[in-house]
Amino acid sequence: MKAAILHGREDVRVESIAPPALRPGQVRVNIEAALTCGTDLKVFKRGYHARMIVPPSVFGHEFAGSICEIAEGLGGWNLGQRVVVANSAPCGSCDYCHSGQENLCDDLLFLNGAYAESIVVPSRFVQKNMLPLAPKTRCADAALTEPLACVVQGWEEVGARPGQNVLIIGSGPIGLMFAALARHHGCRATLAGRGPRLQTARKLGADRLIDVGASGDLVAAVKKEDGQDFDLVIEAVGKPEAWQAATRLVRKGGKVNFFGGCPAGATVSLDTNLLHYSNLTLYSSFHHTPRTIRRALELIETGVVRAPDFVDGEAFLDDLPELFQSMASGNRAVKTLVRVRSTFS
């Protein structure tokens, strides 16, 4: 079968590999929809991810498809059944799992290989984070489950209430998903970012858009365009300066979620006087849990989040190396659907 193999820094190649044999408890899934992701772009640029992928390795983690092979003796699943699989699976037995913090599991397993014709789903994923799709759910929509689950995790941790003013910093896929959730939960959302993605935020229900512009002065841009106090500020960029700005844009007694992961080794200077005397509550949400994976799929299957709002490009599997080079050079597509075969559902 064809699969994209990450060999190192900015070195991904589409190769022909032998499909691995199934082990007990596993299934093989024909991939019918695979999506690009900002995390995959970071991995491509860096050439590895200490927790997720060590080259040479199959690549990609947002996908949905149909079961084409089931290990002998495994029940509960059917050939041809359409499924979505999360990119990680917790152990279920460590202290973090027992406390409902499966995203922090001591033995969190990760799954890569979305940019391929098929993928073997390990037994722990089959048990914990492989979900059947409703008959009318498109695989392209379902492939959004994993990133949306991370957003659900962050949204639920801050406990936003209907009617609150929310500032979302960042107009990438994650920021846009936060805008969709804010609308769904009755909040007034302002999104600050750059470029044509801002108009996508408008379609998703953002009440106000702020173009940060070339100056990059986030605080000045927001305060110039929007004088309201924000009950909640969500940083969805992953830059230290945006983390710092977030604490200066939230109201007294408000909440900040440092959702965007900064580069390894980055540090942030925060005004302790501001944090203390403004009584700010700070969060830094990470990843997802089996519960938020299921909640994300529910939001997708009820139409709150749909692929047409996020997927604005298509590419063939053979063109994946050029696609990632384009993304690394500043391609502004929100998400690209990678065609690993000629038809999709």
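The values are calculated or read from the model by the stated rules, or taken from the named source; none is laboratory data. The structure presented is a predicted model; accordingly, all values stated were derived computationally and were not measured. For neighbour counting, all protein chains shown are included, and Cβ atoms are generated from backbone atoms with ideal geometry for every residue, glycine included.
Data overview
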item	result
Single residue of Ala134, Ala140, Ala149, Ala179 found to be touching a residue at least 24 places away in the same chain (Cβ under 8 Å), assigned to a loop (DSSP other than H, G, I, E, B) and small (Gly, Ala, Ser)	Ala134
Filter result for Ala34 (aliphatic (A, V, I, L, M) and more than 20 Å from Arg124 (Cα to Cα))	yes
Residue in region 118-127 that is part of a loop (DSSP other than H, G, I, E, B), over 30 Å from Leu209 (Cα atoms) and not aromatic (Phe, Trp, Tyr) present	yes
Among (1) over 24 Å from Leu299 (Cα atoms); (2) at pLDDT 95 or above; (3) crowded, with 18+ Cβ neighbours inside 10 Å, the one test that Leu218 misses	(2)
Any hit, region 24-44, residues being farther than 26 Å from Asp318 by Cβ, surrounded by fewer than 18 Cβ atoms within 10 Å (Cβ to Cβ) and not acidic (Asp, Glu)	yes
Test: residue in region 45-68 that is closer than 14 Å to Ala142 by Cβ and aliphatic (A, V, I, L, M)	yes
Test result for Gly238, more than 24 Å from Arg161 (Cβ to Cβ), surrounded by fewer than 19 Cβ atoms within 10 Å (Cβ to Cβ) and under 26 Å from the mean Cα position of the chain (by Cα)	no
Single residue of Leu79, Leu6 found to be crowded, with 24+ Cβ neighbours inside 10 Å and more than 28 Å from Glu156 (Cβ to Cβ)	Leu6
Residue that is nearest to Ile31 (Cα to Cα) [pool: residues in region 82-120 that are of a type outside the set (Asp, Glu), without any contact (Cβ under 8 Å) to a residue 40 or more places away in the chain and exposed (fewer than 14 other Cβ atoms within 10 Å of the Cβ)]	Ser93
Scope region 176-197; condition over 19 Å from Arg295 (Cβ atoms) and either not β-branched (Val, Ile, Thr) or not assigned by TED's automatic domain parsing to the domain that holds Lys223 (or both); matching residues	Arg188, Ala189, Leu191, Ala192, Gly193, Arg194, Gly195, Pro196, Arg197
Qualifying residue in region 125-136 (condition: modelled with pLDDT of 95 or more, surrounded by fewer than 24 Cβ atoms within 10 Å (Cβ to Cβ), under 30 Å from Glu10 (Cβ atoms) and not assigned by TED's automatic domain parsing to the domain that holds Phe258)	yes
Evaluation of Arg138 against (1) more than 11 Å from Gly65 (Cα to Cα); (2) in contact with a Ser or Thr (Cβ under 9 Å, 6 or more places away or on another chain) (one fails), failing number	(1)
Condition broken by Lys255, with the remaining ones in (1) outside the structural domain of Arg197 (by TED's automatic domain parsing); (2) within 24 Å of Val152 (Cβ to Cβ); (3) of a type outside the set (Asp, Glu) satisfied	(1)
Count of residues meeting criterion [under 12 Å from Leu232 (Cα atoms) and surrounded by fewer than 24 Cβ atoms within 10 Å (Cβ to Cβ)] in region 163-186	3
Every residue from region 50-76 that is surrounded by 18 or more Cβ atoms within 10 Å (Cβ to Cβ), assigned to a strand (DSSP E or B) and of a type outside the set (Val, Ile, Thr)	Glu62, Phe63, Ala64, Gly65, Ser66
Exclusive hit being closer than 17 Å to Ser285 by Cα and either at pLDDT 95 or above or outside any helix (DSSP H, G or I) (or both), set Ala189, Ala160	Ala160
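Table: residues versus (1) acidic (Asp, Glu); (2) within 23 Å of Arg82 (Cα to Cα).
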{"position": "Ala246", "(1), (2)": "no, no"}
{"position": "Gly260", "(1), (2)": "no, no"}
{"position": "Asp271", "(1), (2)": "yes, no"}
{"position": "His288", "(1), (2)": "no, yes"}
{"position": "Thr292", "(1), (2)": "no, yes"}
{"position": "Gly303", "(1), (2)": "no, yes"}
{"position": "Phe316", "(1), (2)": "no, yes"}
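So that you can scan it fast, the table gives a plain yes or no per residue for (1) in contact (Cβ under 8 Å) with a residue 60 or more places away in the chain; (2) within 25 Å of Val83 (Cα to Cα); (3) touching a Phe, Trp or Tyr at 6+ places or on another chain (Cβ under 7 Å):
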residue	(1), (2), (3)
His7	no, no, no
Arg13	yes, no, no
Ala18	no, yes, no
Gly25	yes, yes, no
Ala34	yes, yes, yes
Tyr48	no, no, no
